[in-house]
Amino acid sequence: MLQNSWLIPLFPLLSFVLLLIFRKSKSEGTAWIGVLLTGLSLILSIGVWIAVWQGDGIKVEGTWFEIGERAITMGYEINPLNALMLVIVSLVSFLVHLYSKGYMHGDERFPVFFAYLGLFSFAMLGLVLSPNLLQLYMFWELVGLGSFLLIGFYYFKPEAKAAAKKAFVMTRIGDVGLFIGMVLLFWQVGSFEYDEIFASVRNGDISSGMLTLTALCIFVGAIGKSGQLPLHTWLPDAMEGPTPVSALIHAATMVAAGVYLVAAMYPLFQASETALTVVAIVGGVTAIFAASIGLMQKDIKRVLAYSTVSQLGYMMLALGASGYVAGIFHLTTHAFFKALLFLAAGSVIHAVHTQNIEEMGGLWKKLRLTGPLFLIGALAISGVPLLSGFFSKDEILASTYADGRYGLFWLAVVAAFMTAFYMFRLFFLVFTGKPRGDQSGVHESPSVMTLPMLVLGVLAIVAGYLNTAWFGTFLTDYLAGGPVELAHGDHHGPSWIPIVATAASLLGIGLAYLIYQKGTLSRNWITRSLPGLSNVIYNKWYVDEGYDATFVKGTKGLSKLGVLFDKYIVDGLVAAVVSGVQGLSKVGSSLQNGQVQTYGTFAIFGIVILLLIVALTGGYFT
Amino acid sequence: MSSIPLAAYLLLALILFCIGLFGALTKRNAVIVLISIELMLNAVNINLVAFAKYSINPGLTGQIFSLFTITVAAAEAAVGLAILIALYRNRQTVNVDEMDSMKR
């Protein structure tokens, strides 16, 4: 099974190529090409995963080219971490393909959409399979391209176009960091191979300052892809893309690539205490920062987007707090419940044709399947006991506490409270109460859309039992087979942590219930009591405006200066030379007046000067 | 012989040449320009004769040479005047300023 794992990314690539050929086709049967081929990838991935679960692993490499003594290799590698990622990516990709068949029904560029999905899946699976940083970087950029194409799929909408550009530019800022880190590692180690990098980290071949620097540079790449502070602004805007895309790329896979990168390079981070602290702080601050913005957004997808940013912050926090397993665990569960939430949100949008939650309401009775599934997702992300989110979030909190980062621990608890609050604000506003908009033609989505949601709903409940203190720590044992040395000792902090976490989430749900369902508390009491703060939060902490005022305006100012320099200094120099030559030629041509006497005068002057020179120097120019 | 030194002859030739040059370059009337050129030629003749008499080995070569120069100058003046008349017939003027056809 493992020898054939290189086929996994090739199926979506084949789908991409085939669908490009059939891109003019009007038939919506073309979707089955994509569904079928990603289904094959999924089957193969599960086979690989089972093999790895039994303790197998493989690494196949061939020399790509050589620079002097150093060989640059290409190949594929299967270890516990990336086998798990393979399953997550191919599963979500398969389900999203299926779902899109219903969601994109009637779109003019139907096959093109599936072609892009195939390209993205290819890139993401290739990224996960890469055994070295260079190969990872190539797929990393391909993933960015896939994301760009899919966000800008509705290219005739100016917002979508702007969002696609923004996503590309913002992630590119991170990519530069990753590239610098990669080059620094190559300089230090002489190889892009993970194994060799880790070996020299273990042997202490790299100075500690350089370790921290490279780890931080690589983390900058992760910040860009995973939408962490301060490069998070592209992710909410990316919601301009079709909703299945948001579920696939901006919830489950691409944004998780940053977390995956940190996890894959974890031995490097482990070697530097500073790097881990930075990762933890960025993650923790992002978690609460994005959660606070999610409290007040009015667009259903944007709430989910900020929630994604916040949850990715959780994963980073876990990784930074030495909670390797907790981070991966949350990545897995989050992929399922967030994809579920996005698909459910897509189903709602499909039904009511608006994204503004103020225009929804009372949909519970109309969407008999979507409603409960959304509720499952919301319960899971809020960390209600017995659902997947509870276990993974609990583990993150425990490892943060065990790592002695108490400040970040309480930050994460508050973020958990906020998460529960905004998720149920969303739930109550969308599904309960009275309809606040025209809901005449509302009906449940077709089964091709509800089926993937059902699968994800089941997974959102049971995925948490992969790693629990009660039934067994399967995931921990599984990941222990990987290249990362897990810190032994208990990550299970004091027993009051699950209680605090549960209390925080129930409190959030209860508050949302009181405000948005019962109406006991006025919806505006926070807004009224703290107008300044709520205004800042409503405007997303003015981050976009801040970037606009500093970087965008700064760049524009600089370019204006450049224009002035070009216009007056460069062009001015040229103009000066031109007018100088022209003036000289005018003087010259005015001497040529055609009169012999003038010529004669100059000839005489010439002779006089020559004679003077001869007379003064006493010879011919000696 | 006389006690007039060589320098006096040369000075006279110099003055004559400069007057001729000045006339040739500044006068507007073409006839006067021709006359000025004759003056310059004659300044040269004075030099030739003076050196023939006062040089380290005196002889007749310089004097004979000046005879030739006078002859050539006469021929040249004849040709010059002929051109001038032809020009006058064409353009009805002897003003040098108006003769700028070299520029066109």
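The values are calculated or read from the model by the stated rules, or taken from the named source; none is laboratory data. This is a predicted model, so every value here is computed, not measured. For neighbour counting, all protein chains shown are included, and Cβ atoms are generated from backbone atoms with ideal geometry for every residue, glycine included.
Taking residues in segment B:39-57 that are free of Cβ contacts under 8 Å to residues at least 24 places away in the same chain, and partners anywhere that are surrounded by fewer than 17 Cβ atoms within 10 Å (Cβ to Cβ) and part of a loop (DSSP other than H, G, I, E, B), the pairs with Cβ atoms closer than 8 Å and at least 6 places apart or on different chains are B:Ala52/B:Pro58; B:Ala52/B:Gly59; B:Ala52/B:Leu60.
Restrict the check to segment A:435-446 and report whether at least one residue is closer than 20 Å to A:Ala512 by Cα and either in contact (Cβ under 8 Å) with a residue 60 or more places away in the chain or in contact with a Pro (Cβ under 8 Å, 6 or more places away or on another chain) (or both). Yes: segment A:435-446 contains one or more residues that are closer than 20 Å to A:Ala512 by Cα and either in contact (Cβ under 8 Å) with a residue 60 or more places away in the chain or in contact with a Pro (Cβ under 8 Å, 6 or more places away or on another chain) (or both). For the criterion of being more than 22 Å from A:Leu129 (Cβ to Cβ) and either out of contact with any helix residue (DSSP H, G or I) (no Cβ under 9 Å at 6 or more places or on another chain) or at pLDDT 85 or above (or both), A:Gly47 fails. Here segment A:320-342 is the region considered, the condition is being in contact with a Phe, Trp or Tyr (Cβ under 7 Å, 6 or more places away or on another chain) and under 23 Å from A:Val220 (Cβ atoms), and the residue that is surrounded by the most Cβ atoms within 10 Å (Cβ to Cβ) is A:His330. Regarding segment B:26-45, can at least one residue be identified that is in a loop (DSSP other than H, G, I, E, B) and in contact with a helix residue (DSSP H, G or I) (Cβ under 6 Å, 6 or more places away or on another chain)? Looking through segment B:26-45, at least one residue is in a loop (DSSP other than H, G, I, E, B) and in contact with a helix residue (DSSP H, G or I) (Cβ under 6 Å, 6 or more places away or on another chain).
Just to be sure, is B:Ser3 within 14 Å of chain A (Cβ to nearest Cβ) and not in a helix (DSSP H, G or I)? No: the conditions fail for B:Ser3. In summary, helices (runs of 4 or more DSSP H) completely within segment A:529-622 and bearing 1 or more residues that are within 30 Å of B:Thr26 (Cα to Cα) and away from chain B (no Cβ under 14 Å) occur at A:571-591, A:596-617. Applying the selection to segment A:193-216, what residues are surrounded by fewer than 20 Cβ atoms within 10 Å (Cβ to Cβ) and under 20 Å from the mean Cα position of the chain (by Cα)? Selection gives A:Leu216 alone. The sole residue among B:Ala52, B:Ala73 that is assigned to a helix (DSSP H, G or I) and in contact with a Gly (Cβ under 7 Å, 6 or more places away or on another chain) is B:Ala52.
In this structure, does A:Tyr260 turn out to be modelled with pLDDT of 85 or more, among the aromatic types (Phe, Trp, Tyr), under 12 Å from the mean Cα position of the chain (by Cα) and crowded, with 24+ Cβ neighbours inside 10 Å? It is true that A:Tyr260 is modelled with pLDDT of 85 or more, among the aromatic types (Phe, Trp, Tyr), under 12 Å from the mean Cα position of the chain (by Cα) and crowded, with 24+ Cβ neighbours inside 10 Å.
Given the condition touching a Gly at 6+ places or on another chain (Cβ under 8 Å) and under 28 Å from A:Val282 (Cβ atoms), answer yes or no: does some residue in segment A:367-378 qualify? Yes; the residues of segment A:367-378 include at least one that is touching a Gly at 6+ places or on another chain (Cβ under 8 Å) and under 28 Å from A:Val282 (Cβ atoms). Picking from residues in segment B:19-64 that are among the small types (Gly, Ala, Ser) and within 14 Å of chain A (Cβ to nearest Cβ), the one that is farthest from the chain's Cα centre (by Cα) is B:Ala30. Residues that are in a helix (DSSP H, G or I), over 29 Å from A:Ile396 (Cα atoms) and modelled with pLDDT of 70 or more occur at least once in segment A:517-526.
The C-beta contact set for segment A:49-76 (first residue acidic (Asp, Glu), second residue in a strand (DSSP E or B), distance under 6 angstrom, 6+ apart or interchain) comprises A:Glu61/A:Thr73; A:Glu61/A:Gly75. Criterion applied to A:Phe374, A:Phe428 was being surrounded by fewer than 24 Cβ atoms within 10 Å (Cβ to Cβ) and at pLDDT 85 or above, and the one residue passing it is A:Phe428. Take the conditions (1) touching a His at 6+ places or on another chain (Cβ under 8 Å); (2) surrounded by fewer than 22 Cβ atoms within 10 Å (Cβ to Cβ); (3) farther than 21 Å from A:Trp496 by Cβ; A:Ala402 misses just one of them, which is (3).
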